[in-house]
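Shown next, in structure tokens, is the structure this report addresses.
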Amino acid sequence: QGEAAGGDGGASVFVAENAAKRVLVPTGAVDEAWRTDPDFDDAAWIEGTGGVGYERSTGYEQYFDINLQSQMYGAHSSCYIRIPFEISEETLNALSNLSLKVRYDDGFIAYLNGSEVARMNFNGEPASDSAAVAQNSDLNAIDLEPFDVTAGIGQLHPGRNLLAIHALNVDTTSSDFLMSAMLSIGQRVVAGGGAVSP
């Protein structure tokens, strides 16, 4: 996938929710290149598109296409997600703001080319068996919550880039889990009120 218009109010979307991705439920330490290197060998990871999660009751089914219940429930609270994307030099030079929008249950840490740009419901240094420190209610989890990740623009370069997400469930026996994200040009609010179109 590359730069495509549409979806987010006509803004340029670098990573759509249905973007191709690779997913791993880690059972031990993984080389941190998984989150820093677009060319990291993830051939053995789960391949798919759309959101990632599981639902033992009802509520999240429409938000994920990669079902991790058999890998996570009762066993693991962490999930690694790698989403490569392309940006042209022209677009990058003109880029002034960047928005990450996330549906999540219960926490996450997001990286652009290895640099952390956003986190929720986790403190400290994550490990392969980390869990979220708080719950995100099901009602909130299904909303695309926006995070201003403009500070991460400096981590991007022309060509192939990587959005990596360490998604976190609150515990291994949680009845559900969800992670779905999109990355796009965001709207910046300026003094005096009102949003300025990109």
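The values are calculated or read from the model by the stated rules, or taken from the named source; none is laboratory data. Remember, predicted model here, so these are calculated numbers, not experimental data. Here Cβ is always computed from backbone atoms with ideal geometry, including for glycine, and neighbour counts include all displayed protein chains. The area values use the complete protein model at the heavy-atom level, side chains included, leaving out ligands, DNA and RNA. Shrake-Rupley method; radii C 1.70, N 1.55, O 1.52, S 1.80 Å.
Could you list, in sequence order, all residues of segment 97-109 that are part of a loop (DSSP other than H, G, I, E, B), under 15 Å from Gly152 (Cβ atoms) and out of contact with any Lys or Arg (no Cβ under 8 Å at 6 or more places or on another chain)?
Passing the criteria: only Leu98.
All but one of (1) on the phi < 0 side of the Ramachandran plot; (2) crowded, with 16+ Cβ neighbours inside 10 Å hold for Gly50, so report the exception by its number.
Among (1) on the phi < 0 side of the Ramachandran plot; (2) crowded, with 16+ Cβ neighbours inside 10 Å, Gly50 violates only (1).
Confirm whether Gly53 is at pLDDT below 95, under 19 Å from Leu168 (Cβ atoms) and not aliphatic (A, V, I, L, M).
no
Can you find a residue that is in contact (Cβ under 8 Å) with a residue 60 or more places away in the chain, more than 23 Å from Asn161 (Cα to Cα) and of a type in the set (Asp, Glu) anywhere in segment 37-51?
No, the conditions are met nowhere in segment 37-51.
Per-residue answers, yes or no, for (1) more than 20 Å from Leu95 (Cα to Cα); (2) at pLDDT below 95; (3) open to solvent by 30 Å² or more (accessible area, probe 1.4 Å):
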residue: Asp138; (1), (2), (3): yes, yes, yes
residue: Asp148; (1), (2), (3): no, no, yes
residue: Gly152; (1), (2), (3): no, no, no
residue: Pro158; (1), (2), (3): no, no, yes
residue: Ser180; (1), (2), (3): yes, no, no
residue: Gly192; (1), (2), (3): yes, yes, yes
residue: Val196; (1), (2), (3): no, yes, yes
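For every residue, the table says whether it meets (1) hydrophobic (A, V, I, L, M, F, W, C); (2) touching a Gly at 6+ places or on another chain (Cβ under 8 Å).
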position	(1), (2)
Tyr60	no, yes
Asp65	no, yes
Leu68	yes, yes
Ala75	yes, no
Asn97	no, yes
Tyr104	no, no
Gly114	no, no
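Among the candidates Gly107, Gly59, which residue alone is at pLDDT below 95, in contact with a strand residue (DSSP E or B) (Cβ under 7 Å, 6 or more places away or on another chain) and closer than 21 Å to Glu145 by Cβ?
Within the list Gly107, Gly59, the selection yields Gly59.
So, in segment 60-96, exactly how many residues are in a strand (DSSP E or B), in contact (Cβ under 8 Å) with a residue 24 or more places away in the chain and open to solvent by 20 Å² or more (accessible area, probe 1.4 Å)?
2
Please verify whether Trp34 is among the hydrophobic types (A, V, I, L, M, F, W, C), modelled with pLDDT of 95 or more and more than 24 Å from Asp176 (Cα to Cα), treating the condition exactly as stated.
yes
Report yes if Gly124 is open to solvent by 10 Å² or more (accessible area, probe 1.4 Å), over 15 Å from Val25 (Cα atoms), assigned to a loop (DSSP other than H, G, I, E, B) and in contact with a strand residue (DSSP E or B) (Cβ under 7 Å, 6 or more places away or on another chain), otherwise no.
Spelling it out, it is not the case that Gly124 is open to solvent by 10 Å² or more (accessible area, probe 1.4 Å), over 15 Å from Val25 (Cα atoms), assigned to a loop (DSSP other than H, G, I, E, B) and in contact with a strand residue (DSSP E or B) (Cβ under 7 Å, 6 or more places away or on another chain).
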